[in-house]
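What follows is a short report on a single structure.
Quick note: the coordinates plus some simple rules give every number you see, no bench work behind them. Everything numeric here is computed off the predicted structure, so don't read it as measured data. With ideal geometry, Cβ positions are generated from the backbone for all residues, glycine too; neighbour counts draw on all protein chains shown.
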Amino acid sequence: MKVVSIVGMAGAGKSVVARMFEDNGFKKVRFGDVTDEEVKKRGLELNEENERRVREQLRKEHGMAAYAILNLPRIDAFLKSSSVVVDGLYSWEEYTLLKSRYGDGFVVVAVWASPATRYKRLAGRAVRPLTPEEAASRDKAEIENSKKGGPIAMADFTLINESSLEELKKEAKQVLSALK
């Protein structure tokens, strides 16, 4: 069994790749669900400002590996019957925790797209759209505060998502084949 973590900046295409793994028998754990659940529990509106505040509070409370720590029970439960795809690895500390826990069974797939491409996608998405300014602010926070660049740099596979959805899916299928 494997734990495959998908990492990339907002709008790169992580969820599309994670869905492909899910469609191929992997159980999916979306790290961002922890944020969404906490925002709703607090009775707040789901928006970039509230999500960022909750993310930062959870990391203050649980450390920079917060999302990995909070999702370990789900990952471990799913691993009893299937490989797992993690949608949204966020920090270097999450990477090191998962790498130390799952060893060679831990694989990182980075999905990369340029800021211009990502910002256009984020502005047009139906759920949680972001303005270019909000997207740039989020990029800065993820790079500076959560050290997201480390997991991207250490990826076992990198998918470039600058063209079509079909091309991204083709690249993801190659990764799935390589992992079998």
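Candidates are the residues of the stretch 131-164 that are out of contact with any Gly (no Cβ under 8 Å at 6 or more places or on another chain) and of a type in the set (A, V, I, L, M, F, W, C); the one that is surrounded by the most Cβ atoms within 10 Å (Cβ to Cβ) is 155. Taking first residues from the stretch 124-147 that are on the phi < 0 side of the Ramachandran plot and partners that are outside any helix (DSSP H, G or I) and surrounded by 15 or more Cβ atoms within 10 Å (Cβ to Cβ), the Cβ contacts under 6 Å between residues at least 6 apart in sequence or on separate chains come to 138/10; 139/9; 142/148; 146/90; 146/91.
Using the structure shown, decide if residue 29 is among the β-branched types (Val, Ile, Thr), touching a residue at least 12 places away in the same chain (Cβ under 8 Å) and assigned to a helix (DSSP H, G or I). Considered against the rule, which asks whether it is among the β-branched types (Val, Ile, Thr), touching a residue at least 12 places away in the same chain (Cβ under 8 Å) and assigned to a helix (DSSP H, G or I), residue 29 comes out as no.
What helices (runs of 4 or more DSSP H) completely inside the stretch 32-112 contain at least 1 residues that are small (Gly, Ala, Ser), within 18 Å of residue 21 (Cα to Cα) and more than 13 Å from the chain's Cα centre (by Cα)? Talk me through it step by step, then tell me what you get.
Values: elements: 32-41, 48-62, 66-79, 92-102.
Ranges flagged: 66-79.
Checking each residue in the stretch 32-58 for being among the basic types (Lys, Arg), closer than 23 Å to residue 152 by Cα and either free of Cβ contacts under 8 Å to residues at least 40 places away in the same chain or crowded, with 19+ Cβ neighbours inside 10 Å (or both) picks out only 55. Against the definition (surrounded by 15 or more Cβ atoms within 10 Å (Cβ to Cβ) and of a type in the set (Lys, Arg)), how does residue 180 come out, yes or no? For residue 180, the condition - surrounded by 15 or more Cβ atoms within 10 Å (Cβ to Cβ) and of a type in the set (Lys, Arg) - is not met. Which residues, taken from the stretch 92-125, are under 22 Å from residue 1 (Cα atoms), of a type in the set (A, V, I, L, M, F, W, C) and out of contact with any Gly (no Cβ under 7 Å at 6 or more places or on another chain)? Within the stretch 92-125, 97, 98, 106, 107, 108, 109 meet the criteria.
Within 16 Å of residue 147 (Cβ to Cβ) and touching a Leu at 6+ places or on another chain (Cβ under 8 Å): does that describe residue 123? Give the derivation first.
Details: within 16 Å of residue 147 (Cβ to Cβ): no; touching a Leu at 6+ places or on another chain (Cβ under 8 Å): yes.
No; evaluated as a whole, the condition is false for this residue.
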